[in-house]
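Down below is the structure, laid out as structure tokens.
The values are calculated or read from the model by the stated rules, or taken from the named source; none is laboratory data. Since the model is a prediction, treat every value here as computed from it, not as a measurement. A quick note on method: Cβ atoms are made from the backbone with ideal geometry, for glycine too, and the neighbour counts reach across all protein chains shown.
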Amino acid sequence: MRSISEQIRQKAIDIGFHKVGFVKAEPLYDDGQKFREWLSRGYQGTMAWLEKYSETIIDPLKIIPDAKSIISVAMNYYKNVSPLSNASTSSISQYAIGGDYHVVLKTRLNSLLDYIKEIEPSAKGKVFVDSGNIMEKVWAVRAGIGWRGKHSITVTKEYGSWVFLGEIILNLELKYNLPQIDLCGDCQICIDACPTKALIKPYVLDANRCIAYLTIEHNGDIEKSLAEKIDHQIFGCDICQEVCPWNKKNAKPTDVKELFPNNKYHSLRLETFEKISQNEFNRIFDASPIKRSGLKRLKRNVRVVIDKITKIERESNGKSL
């Protein structure tokens, strides 16, 4: 008879997760202190909820008081295509050119939780996917999924850092995995490659300077000095992941159909993005994580790229006179 841990692990793989690990649910003392220091420096930018829910974020027992375990899962999302580029040289981050990962992972995690309740009726749990209420990267490391890269993203041996993470906080004791050791070594290619120098030092990201944050989460205008560093990114940024040796060596195309590239995005030019209506935006991006950021931010990002292209063209024309 297989143990409940073995049954859960096999079910997680069967329903589409590529890695799964178990870790004891407990308050995060050292990592929690690092998180508080990160917040105190204002590195969270306008993501005010991180401070508002900081105590819950670092202690899963404040979410489920009788929690015993955290199930951490990873799903490969690599598309084996260059970041989305069209004739007007816009680009969209790899993770956003397929279906909405929130829906994809939550659906599977809820199925996994239903299965756990079937084999153990006393089970109670709560599902998380990029919700901001749990330190998913910390739990992924502790559960043996991968290690925290110097770009602050979780890196796995098998898939590089092209993985989505999800969790179930559970009231059952499981057979826990050993933490994954850090395999970055002396490499800091990701730090050197960041155009805005958002990686203050290894493992520390200042969101205020991060292109992914600026084009997705940030409200209001983008500071001119940072906008000038944005190349063609209108949604997200993959630079620090693209240069990672682990990604160059181990990335492999996802087999999750819902995450396959959506070709309808490729036909949209910058000018189309700029003029798109709210109804068109809702229709085109209905099943995309891009919809969560909103049309206003997307148009702001497009304007930043168009302004940069226009400036470069003017300077080029001026030099040719």
If you check every pair at least six apart or on different chains, which have Cβ atoms under 7 Å apart with a residue in the stretch 90-101 that is within 15 Å of Phe273 (Cα to Cα) first and a residue that is buried (at least 22 other Cβ atoms within 10 Å of the Cβ) and of a type in the set (S, T, N, Q) second? Ser91/Gln233
Based on what the data block shows, is Lys311 within 22 Å of Ala227 (Cβ to Cβ), at pLDDT 90 or above and surrounded by 11 or more Cβ atoms within 10 Å (Cβ to Cβ)? no
Count of residues meeting criterion [over 17 Å from Glu167 (Cβ atoms) and either surrounded by 18 or more Cβ atoms within 10 Å (Cβ to Cβ) or among the hydrophobic types (A, V, I, L, M, F, W, C) (or both)] in the stretch 34-49: 7
Just wondering, is there one or more residues in the stretch 180-188 that are modelled with pLDDT of 95 or more and part of a helix (DSSP H, G or I)? no
Listed by first then second residue, the pairs whose first member lies in the stretch 205-233 and is crowded, with 16+ Cβ neighbours inside 10 Å, whose partner is modelled with pLDDT of 95 or more and among the aromatic types (Phe, Trp, Tyr), with beta carbons under 7 Å and at least 6 positions apart or on separate chains, are Leu205/Tyr43; Asp206/Tyr43; Ala207/Tyr43; Ala207/Tyr213; Asn208/Tyr43
Filter the stretch 37-59 down to residues that are modelled with pLDDT of 95 or more and more than 23 Å from Asn208 (Cβ to Cβ), then give me how many there are. 1
Scan the stretch 146-163 and give yes if some residue there is surrounded by fewer than 16 Cβ atoms within 10 Å (Cβ to Cβ) and more than 22 Å from Gln233 (Cα to Cα), otherwise no. yes
Please find, among Ile230, Ile153, the residue that is touching a Ser or Thr at 6+ places or on another chain (Cβ under 6 Å) and of a type in the set (Val, Ile, Thr). Ile153
Only one of Lys229, Lys252 that is basic (Lys, Arg) and under 19 Å from the mean Cα position of the chain (by Cα): Lys252
Looking only at the stretch 110-140, and only at residues there that are part of a helix (DSSP H, G or I), aliphatic (A, V, I, L, M) and touching a helix residue (DSSP H, G or I) at 6+ places or on another chain (Cβ under 9 Å), the one that is farthest from Leu172 (Cα to Cα): Val138
Being at pLDDT 90 or above, at negative phi and not aliphatic (A, V, I, L, M): is that true of Lys264 here? no
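The rows are residues; the columns are (1) surrounded by 14 or more Cβ atoms within 10 Å (Cβ to Cβ); (2) touching a strand residue (DSSP E or B) at 6+ places or on another chain (Cβ under 6 Å); (3) outside any strand (DSSP E or B).
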{"residue": "Arg9", "(1), (2), (3)": "yes, yes, yes"}
{"residue": "Gly16", "(1), (2), (3)": "yes, no, yes"}
{"residue": "Gly32", "(1), (2), (3)": "yes, no, yes"}
{"residue": "Leu61", "(1), (2), (3)": "yes, no, yes"}
{"residue": "Ala74", "(1), (2), (3)": "yes, yes, no"}
Scanning for something in a helix (DSSP H, G or I), surrounded by 13 or more Cβ atoms within 10 Å (Cβ to Cβ) and of a type in the set (S, T, N, Q), does the stretch 266-285 turn up at least one residue? yes
Whichever residue in the stretch 267-286 is of a type in the set (S, T, N, Q) and modelled with pLDDT under 90 and, among such residues, is nearest to the chain's Cα centre (by Cα): Ser267
Do we have Val81 as exposed (fewer than 14 other Cβ atoms within 10 Å of the Cβ) and not in a loop (DSSP other than H, G, I, E, B) here? no
What are the residues in the stretch 249-291 that are touching a residue at least 40 places away in the same chain (Cβ under 8 Å) and of a type in the set (Lys, Arg), if any? Lys249, Lys252, Arg269, Lys291
Considering only residues that are at pLDDT below 95 and surrounded by fewer than 20 Cβ atoms within 10 Å (Cβ to Cβ), look in the stretch 119-134 and name the one that is nearest to Gly160 (Cα to Cα). Asp130
